[in-house]
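Worksheet: the structure to be examined is printed underneath.
The values are calculated or read from the model by the stated rules, or taken from the named source; none is laboratory data. Computed from a prediction, not measured in an experiment: that's the story for all the values here. In this analysis, Cβ positions are derived from the backbone assuming ideal geometry, glycine residues included, and neighbour counts consider all displayed protein chains. These area figures cover heavy atoms from the full protein model, side chains too; ligands, DNA and RNA do not enter into them. Shrake-Rupley method; radii C 1.70, N 1.55, O 1.52, S 1.80 Å.
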Amino acid sequence: VAAAPSVEPPPREGQRPLKAQSSLSSVPREALRMFGKPPPPSVHIAVGFGSVKRKKDYVLETVGIMLGFKGETTLTQQERDMVVIVAHLADWDTEWVHKVAGQLQSDYPDLVDRGQFHGMHAPEALYPQLEVCPPLCTYKDEPKRVKWRSKQNIDYAFLMYYAAPLAEYYLQIEDDIGFKANWIQKIDSHIRSELGPAYKVAKSGAPWRLIDYSQLGFIGKMFHGDETTRMAQFLLLFYDQMPCDLLLGDWIEIMNQPKHINYWKKSGSLFQHVGLFRTLGGYQPLQEPKFGKLLFDNPHGSVTGNMSIVPTYEGKFTYFPGGEPVSRNDICDYSRSPAHKKARRHQCWFWGMQVRPGDHLTIMFSMDIPLRAVFMELGHPRHTEDVLQHGAVQVAGSKPAGMTQDGVCGEFLDLLK
């Protein structure tokens, strides 16, 4: 499939940038569609995600992984027949958008032809004003982050609006996640058996509005198809006020569902975040502890070292056995760094000072481990001159046979220097 020209067509006559109070229905869905046909009768779940240009284009692998064509995900053909996938290529680099759209159509022609794969793109000209901070810098976020999360709300609003009429239910995911085996069958069984049409939310008597199939953010959130447009409109209305996951919490209360229906608490998460590259730059090894298999499982061990430190910024903040907690609120001397002044939750770090040759920070594991990968972050954006100029990452095996002294390792070898 040849990529389309990289010049983005202008909005149709009468189409102007949306405002918070605009109706999404003022934008014809066909104006957003890049490819896609009506889904077959077997489909009753629309699965939507947004994707933007990053260091790694996860979207090119995600569709194959979610349907079991790639990776380790196990699915039956009957499960595949139940879903239609909607990818919102939400970057404003139109050359990238058309290139990825062409690649996806080339990789999955049968899905496209059967109406089970749609690609869409909302032109930049349709987006409302995103440069709202300053003066409106809610949650004390910096301007770059406010613009990013405001745009994300609109990305999702267009995505959900487009996907709403395609299926009975809508599932929101991201483009960089892993999937449990038979995840479609598990969702279908849960909805049909436990949350059928007669299910009502306690006290309010309202039908369920939202099911959480994952603990993290906006991943694995299931809506009724006919309520999806309401959620999309809600995201647009408050796009510049709050991040999408916080808006989601307010929405279900307004819709008379006072509590989340957390499938993941009883049966585990169906999705795992595997992406490392943040849209805003840098890395984010965010993990779903209820998924089972962790990307970084952090075997049990203890941290030792001999570096001088900024008081209270200790080695314990470098490594969390079993994996980093989802919601951290660390305690350290917040007055030492401006990074804490605007923080709603605090993440402290190991902060060495006056580092000398031979100083070290060492993680000693409780037993031998098969090392597959190491993830490290050095430096802090609020302390740009406080960096380690010279150092090495080393690994070692167990202490030599016959040695009885504790706290001793074998020969250290350089991984990175």
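What the table shows:
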quantity: The stretch 259-276, residues that are within 27 Å of Thr138 (Cα to Cα) and without any contact (Cβ under 8 Å) to a residue 60 or more places away in the chain; calculated: Lys259, His260
quantity: Yes/no for Ala125 being of a type in the set (A, V, I, L, M), surrounded by fewer than 18 Cβ atoms within 10 Å (Cβ to Cβ), in contact (Cβ under 8 Å) with a residue 40 or more places away in the chain and assigned to a helix (DSSP H, G or I); calculated: yes
quantity: Selection status of Leu371, assigned to a loop (DSSP other than H, G, I, E, B), in contact with a strand residue (DSSP E or B) (Cβ under 7 Å, 6 or more places away or on another chain) and loosely packed, with under 14 Cβ neighbours inside 10 Å; calculated: yes
quantity: Filtered residues of the stretch 1-60 (kept if modelled with pLDDT of 85 or more and of a type in the set (Phe, Trp, Tyr)); calculated: Phe35, Phe49
quantity: Of all residues in the stretch 63-83 being of a type outside the set (S, T, N, Q) and assigned to a helix (DSSP H, G or I), the one that is surrounded by the most Cβ atoms within 10 Å (Cβ to Cβ); calculated: Met66
quantity: In the stretch 344-356, the residues that are surrounded by 13 or more Cβ atoms within 10 Å (Cβ to Cβ) and in a loop (DSSP other than H, G, I, E, B); calculated: His346, Gln347, Cys348, Trp349, Phe350, Trp351, Val355
quantity: Test result for Arg336, basic (Lys, Arg) and open to solvent by 60 Å² or more (accessible area, probe 1.4 Å); calculated: yes
quantity: The lone exception for Phe69 - which of (1) of a type in the set (A, V, I, L, M, F, W, C); (2) in contact (Cβ under 8 Å) with a residue 40 or more places away in the chain; (3) more than 27 Å from Ser22 (Cβ to Cβ) it fails; calculated: (2)
quantity: Odd one out for Pro109 among (1) at pLDDT 95 or above; (2) in contact with a strand residue (DSSP E or B) (Cβ under 8 Å, 6 or more places away or on another chain); (3) not acidic (Asp, Glu); calculated: (2)
quantity: Total residues in the stretch 47-62, condition in a loop (DSSP other than H, G, I, E, B) and touching an Asp or Glu at 6+ places or on another chain (Cβ under 9 Å); calculated: 6
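Each row is one residue, and each column tells you yes or no for (1) surrounded by 17 or more Cβ atoms within 10 Å (Cβ to Cβ); (2) modelled with pLDDT of 90 or more; (3) out of contact with any Pro (no Cβ under 9 Å at 6 or more places or on another chain); (4) not acidic (Asp, Glu).
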{"site": "Ile191", "(1), (2), (3), (4)": "yes, no, yes, yes"}
{"site": "Lys203", "(1), (2), (3), (4)": "no, no, no, yes"}
{"site": "Pro207", "(1), (2), (3), (4)": "no, no, no, yes"}
{"site": "Gln215", "(1), (2), (3), (4)": "yes, no, no, yes"}
{"site": "Cys244", "(1), (2), (3), (4)": "yes, yes, yes, yes"}
